[in-house]
1. Quick check of the Kirkwood formula: for the chain, what is the inverse mean of 1/r over all pairs of different Cα atoms, in Å?
2. On a C-alpha basis, how far is the centre of the stretch 67-108 from the centre of the stretch 159-213 in Å? Whole number, if you could?
3. Taking H placed 1.01 Å from N in the peptide plane, check which residues at least 5 places from T34 or on another chain put their amide H under 5 Å from its amide H.
4. Set Lys and Arg Cβ to +1 and Asp and Glu Cβ to -1, take the dipole of the stretch 1-139 about its Cα centre, and tell me which of F121, G67, H36 lies farthest positive.
5. For the stretch 122-134, what does the Karplus curve 6.51 cos²θ - 1.76 cosθ + 1.60, with θ = phi - 60°, yield as ³J(HN,Hα) per residue in whole Hz, taken in order and with x for Gly and Pro?
6. Shape verdict for the stretch 1-155, please, from the Cα gyration tensor: rounded (a/c under 1.5), prolate (a/b greater than b/c) or oblate.
7. Using the Cβ atoms and a cut-off under 10 Å, what net charge is assigned to the surroundings of M201, where Lys and Arg are +1 and Asp and Glu are -1?
8. Along its principal axes, what span do the Cα atoms of the stretch 8-83 show, with the longest given first and each in whole Å?
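Just so it is clear, none of the values below were taken in a lab; they were calculated from the coordinates. Since the model is a prediction, treat every value here as computed from it, not as a measurement. Positions of Cβ are backbone-derived with ideal geometry, glycine not excepted, and every protein chain shown enters the neighbour counts.
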Amino acid sequence: MIPHETEFELYHYGESLCSQMVRLALNEKQIGYTSHHMHLELTGENLSPAFKKINPNVVVPVLVHNGAPLYNSWEILRYLDNYAPQQGTKLLPQTDDGMAALDGLVHENALRSDVALGENFGTSIAGASTYILANILKRRPALRVMWDYLTKHPDRMRKIAFCVLRLRGGLPKPLYEKFIRRLAQGLADNEKRMSDGRAYMFGNYSLLDVMMTAHFHRLEDVHLGTIFTSEHLPHLTAYWQRLQARPSYKPAILDFHSWEWRAAMDDIYKGQPSPFLPLLADELGKRLANQT
Ligand SMILES: N[C@@H](CCC(=O)N[C@@H](CS)C(=O)NCC(=O)O)C(=O)O
């Protein structure tokens, strides 16, 4: 049982994709919560003994419901929808087709620990953002960062990844190119999906759209957002505008921008598009041409 003062308490980070999804879902379901906003790479707060009592796996988000912790963003989304089925937006797809397609689409698009970095749309978006994590880690001495991750992070892959990011300032370039090619594939697939004129992934808004909001917002953060034009992606561009126009977007996403993340973006991109934008446009063009 986690000490708590209100029914729902959320441990989260402004720019974490999984945290953004849970905040969007809480907003869409109109469920209030106490916010425990944390810093990750900036301070290593998630590696502290205090947070390990809340989540021994040291990751966010953690939603605490009446003292019981819930750890996985997808499970949290489903949990919230089942907890308040009649309140706010229904998050599980409302058609049989939608329910049948859900797991496949989640597997193809979601940031999941059982999918390797760069092997689907979500893990490619996370991979493409690692320059930002590296830039934030640079604010702390390398030895401090390595000590923290090597001695306190329970995940072997992640402890190495964070040290590599701190020491190299990013991952090897071919990996970023792989992420970009997989992103192009995901964008082309989703453009096709939306081309029948549906408003959301399953017709009505659902948890897949919650995820896409976080993913597309991240594409903007890594300065690849100009790929959304009516020329390249007419249906996805309209869809992205629809997602941003929802009342949940500002309170769940924009209002939780973290200063160190914005500073890292400015430092890396200096207001210019990502150097990977031409590759993304090129790869997307090829895939869209193959679809017709
Ligand atoms: N499967 C988890 C993944 C959570 C996760 O990886 N969270 C990241 C932020 S998006 C994190 O806390 N990373 C910090 C770290 O590993 O040190 C979920 O869906 O909630």
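1. With all distinct Cα pairs of the chain included, I get 19.7 Å.
2. First find each Cα centre; the distance between them is then 20 Å.
3. Residues meeting the criterion, in which the H sits 1.01 Å from N, are F8, E9, L10.
4. Positive-most Cα among the choices belongs to H36.
5. Result, rounded to whole Hz: x, 6, 6, 5, 5, x, 5, 8, 5, 4, 5, 4, 4.
6. It is oblate, given that a/c is not under 1.5 and a/b is not larger than b/c.
7. +1
8. Projected onto the principal axes, the Cα atoms of the stretch 8-83 cover 33, 23, 20 Å.
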